[in-house]
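*Asks:* Here it is: the structure, laid out below.
Nothing in this text is a laboratory measurement; each read-out follows from the coordinates by a stated rule. The structure presented is a predicted model; accordingly, all values stated were derived computationally and were not measured. Ideal geometry is used to build each Cβ from the backbone, glycine not excepted, and the neighbour counts take in all protein chains shown.
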Amino acid sequence: MDAREVVTRMLRDLCALVIPLECPCGQEGTLLCPSCRTLLQAGAQEVQSVCDALQIVAAARVRERSGAPPEPVGVDYRSPFPVLALGEYAGALQRLVVQWKNGGALLHTGALAQALAPVVRDIVGSEDPALYRLVPVPSRPGSRIRRGEDHMALLARALSRRTGVEVLTVRGSLSGSQAGKGARQRRRRTFRAAGAAAARDRGRDPARGPAPDHPRVILLDDVVTTGSTLRALHEGSPAGAAAVAAVVVASARWPAPVRL
Ligand SMILES: [Zn+2]
């Protein structure tokens, strides 16, 4: 048992004295019951095909006809990056996310980071984690004050410790209504994010080497619905940084199983 586990256990025991322990599924006496834990360990699935805001025209399909100009027959849509989710935002997973976001269960952060770490490691593969940056979707300032702690920043830090991928923080809120507010706002956010990254990099540990000029960005969010927030972050990410993937806890929509 490492020091973090000891602290977590102590905190859990302390909490149990104050509030009765209850898993989001309702089982008493535990923060996270074995079946909810299994839910998190099922692995991630790609859900970008059901994120409407990520459907970007990739190619026009044409039908070739002899002796006549090609006839357009449709367009293909493709997400600019894959979105990987642990599960559908429903049932026990939904209750877990709601409890976690509302500050009542910040201790879930460890379990969520543990579940997402293999997903991030798979994206990085055999490459150097220093080439990548984790970019958590910023919480709205109002909700951050209400909850007292930014749950996404906590998750990003916990994931960073497990994967060696550093966190790049994007300042400012990025609510759904702002997601489509146009290029000028996105550029402003871009500069702010790039400035913040530069400021942090000045204080970098020299042993880690210089920060990459073009980090590969892994976006991180709690719940994806249409993907508009992820798309806005992708389009407004620091100059030269491209989102290579998004990792989320849950997806509001779930792709239909492929029938063979
Ligand atoms: Zn449970």
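*Asks:* If amide hydrogens are placed 1.01 Å from N in the peptide plane, which non-local residues have theirs closer than 5 Å to the one on ARG133?
*Replies:* ARG216, VAL217, ILE218
*Asks:* Here's something else I'd like to know. With each label point set 7 Å from Cα along the Cα-Cβ vector, what nm distance links GLU28 and ALA256?
*Replies:* Roughly 4.4 nm, to one decimal.
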